[in-house]
Amino acid sequence: MGRVSRRAFAVAALSALTVASRASAAPIPSGAPTPPPAPGPEAGGPARRAVTGMRGMWLATVANRDWPTRAGLRASEQRAELVEHLDNAVRHGLNTVIFQVRPTADALWPSAHEPWSQYLSGSQGRDPGWDPLGTAVEEAHARGLELHAWFNPYRVATHDDPSHLVPSHPARKNPGWVVPYGGKLYYNPGLPEVRAFVQDAMMDAVEKYAVDGVHFDDYFYPYPVAGQSFDDGGTYGTYGTGFATRAAWRRDNIDLLVRETAARVKEIRPTARFGVSPFGVWRNAATDARGSDTRAGVQTYDDLHADTRRWVREGWIDYIVPQLYWNIGLAAADYAKLVPWWAEVARGSRTQLYIGEALYKAGDPAQPAAWQDPAELTRHLTLAQGHPEVRGHVFFSAKEVAEDRIGALARVSADHYTRPAARTPRR
């Protein structure tokens, strides 16, 4: 999930994965490591047993990032594009697609709680004439893929004008739930009725469809915006009694969301797993001795009020996919230092660790030299093999899986994915 989160996976949010070395913070599976490549039937060699472990990709829908290519396509065109993404996943040896089905307090299925997404028809609330989530589950399973439903819990809109929401939108009906911040609208995580509502909205999909997972990206409280504050003082005054600071109260709000969601997923669909793809730095070591050897400009614990380390150590979530969207050797946030840090966090816990990989950076001329090398990502997987806690990788995102600008994913597949993938194991 970058997450996407990210896995936040809004384009601007992913660009926000910046580190303190820059002048400003621009917005942006169980078992041993993958064995050495061996020839499979597709290479003329003998049939090999399937390899288990997460080989995933995120499929982002916010702002039509990956799919559909534009709002307003005919249902048949949208369906064909979606199926092509699933076929691309299979072609590259992947076994999991994390499909964004609630990008902005809306739905890519006929929801009992929220309007149809504008990213389908171009108009929020308009029925697109088909069921994308139902189709995705059916077509993914037909191809041997897992389908994880990816939800953004609190983002309401990528603009800050409630009047632009469809009149029936819950945010229009409950204006006291909404906080404008940084040019966007968010539900207020401190309100118990909001926490209950967003869970109800998400669980509607979990009840209706045989999803293999429920997935959150990196957005909890929003990423900081310079010169602005998230206006929840009144809510803190009402509900913050007993907390030493507003930050501690905010973290408890997110802890409650995570724990309650995990319990509801297990109650409604016991076979589904619940995972999160947070920003890759929990805290810098300079802030907390338990933190990573990084100098990141964002720390999830302090800035997004998400205690991701605790969620792993306490076993509240089934899997975590930290967005380690940096190259090996980057001074402020080195992939080679973050992988062992996360491996240590996951060691001995019930939470499975997968690594979020920045395929979107490979071959992007705006990125540093390391990302112009098609071998950067395959080196990531090789490095991770030295840490048995790492059970797989997830690539951001589907558009880049399809395009594979400089052949970075093809290199990963050739070096690491020669054996067929099976679905990820359950504990």
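Just give me the residues in region 163-195 being part of a helix (DSSP H, G or I) and under 26 Å from the mean Cα position of the chain (by Cα), in sequence order.
Once the filter is applied, which keeps residues that are part of a helix (DSSP H, G or I) and under 26 Å from the mean Cα position of the chain (by Cα), region 163-195 yields Pro170, Ala171, Trp177, Pro192, Glu193, Val194, Arg195.
Scan region 305-350 for residues that are under 19 Å from Asp252 (Cα atoms) and either of a type in the set (D, E, K, R) or more than 18 Å from the chain's Cα centre (by Cα) (or both) and report the count. Count: 6. Screening Trp371 against (1) within 22 Å of Thr300 (Cβ to Cβ); (2) part of a helix (DSSP H, G or I) leaves a single unmet condition, (1).
Evaluate the following for Trp109: is it assigned to a loop (DSSP other than H, G, I, E, B), modelled with pLDDT of 95 or more and within 30 Å of Pro170 (Cα to Cα)?
Numbers: assigned to a loop (DSSP other than H, G, I, E, B): yes; modelled with pLDDT of 95 or more: yes; within 30 Å of Pro170 (Cα to Cα): yes.
For Trp109, the condition - assigned to a loop (DSSP other than H, G, I, E, B), modelled with pLDDT of 95 or more and within 30 Å of Pro170 (Cα to Cα) - is met.
Candidates are the residues of region 70-89 that are within 20 Å of the chain's Cα centre (by Cα) and either among the β-branched types (Val, Ile, Thr) or open to solvent by less than 10 Å² (accessible area, probe 1.4 Å) (or both); the one that is farthest from Gly275 (Cα to Cα) is Leu82.
Rundown of residues vs (1) more than 25 Å from Thr424 (Cα to Cα); (2) in contact with a strand residue (DSSP E or B) (Cβ under 9 Å, 6 or more places away or on another chain), yes/no style:
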{"residue": "Leu330", "(1), (2)": "yes, yes"}
{"residue": "Tyr335", "(1), (2)": "no, yes"}
{"residue": "Leu353", "(1), (2)": "no, yes"}
{"residue": "Ala366", "(1), (2)": "yes, no"}
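Considered as a group, the residues in region 238-272 that are polar (S, T, N, Q) and over 19 Å from the mean Cα position of the chain (by Cα) include one that is least open to solvent (accessible area, probe 1.4 Å), and that residue is Asn253. If only residues of region 286-295 that are over 18 Å from Gly356 (Cβ atoms) and open to solvent by less than 50 Å² (accessible area, probe 1.4 Å) are counted, the one that is nearest to the chain's Cα centre (by Cα) is Gly291.
A Cβ distance below 6 Å, combined with a sequence gap of six or more or placement on separate chains, defines the contacts here; from region 87-111, residues that are more than 30 Å from Gly125 (Cα to Cα) reach residues that are aromatic (Phe, Trp, Tyr) in the pairs Gly93/Tyr417. Of the numbered conditions (1) of a type in the set (D, E, K, R); (2) farther than 28 Å from Ala414 by Cβ; (3) open to solvent by 20 Å² or more (accessible area, probe 1.4 Å), Arg102 satisfies every one except a single condition; which is it? Condition (3) is where Arg102 drops out. The residue list Asp127, Asp160, Asp204 contains one member that is among the acidic types (Asp, Glu), more than 24 Å from Arg423 (Cα to Cα) and in a helix (DSSP H, G or I), which is Asp204. When you check Ala157 against the structure, is it within 21 Å of Thr61 (Cβ to Cβ) and among the aliphatic types (A, V, I, L, M), yes or no? Yes, satisfied. All told, Ala384 meets the bar of being touching a His at 6+ places or on another chain (Cβ under 8 Å), hydrophobic (A, V, I, L, M, F, W, C), within 20 Å of Asn327 (Cα to Cα) and modelled with pLDDT of 95 or more. Among the candidates Val298, Val339, the residue that is part of a helix (DSSP H, G or I), surrounded by 18 or more Cβ atoms within 10 Å (Cβ to Cβ) and not acidic (Asp, Glu) is uniquely Val339.
Could you count how many residues in region 313-325 are of a type outside the set (Asp, Glu) and open to solvent by 10 Å² or more (accessible area, probe 1.4 Å)?
So the first thing to find is which residues in region 313-325 are of a type outside the set (Asp, Glu), and the list is 313, 315-317, 319-325.
Pick out the ones that are also open to solvent by 10 Å² or more (accessible area, probe 1.4 Å) and you get 313, 315-316.
So the answer is 3.
Checked against (1) open to solvent by 30 Å² or more (accessible area, probe 1.4 Å); (2) farther than 12 Å from Trp282 by Cα, Arg310 passes all but a single condition, namely (2). Among the residues making up region 112-148, those that are among the polar types (S, T, N, Q) and out of contact with any Lys or Arg (no Cβ under 9 Å at 6 or more places or on another chain) are Ser121, Ser123, Gln124. Looking only at region 207-239, residues that are in a loop (DSSP other than H, G, I, E, B), more than 22 Å from Gly183 (Cα to Cα) and β-branched (Val, Ile, Thr) come to 1 in all.
The values are calculated or read from the model by the stated rules, or taken from the named source; none is laboratory data. None of these values were measured; they are calculated from a predicted model. Positions of Cβ are backbone-derived with ideal geometry, glycine not excepted, and every protein chain shown enters the neighbour counts. In case anyone asks, the SASA skips ligands and DNA or RNA and just uses the protein heavy atoms, side chains included. Shrake-Rupley method; radii C 1.70, N 1.55, O 1.52, S 1.80 Å.
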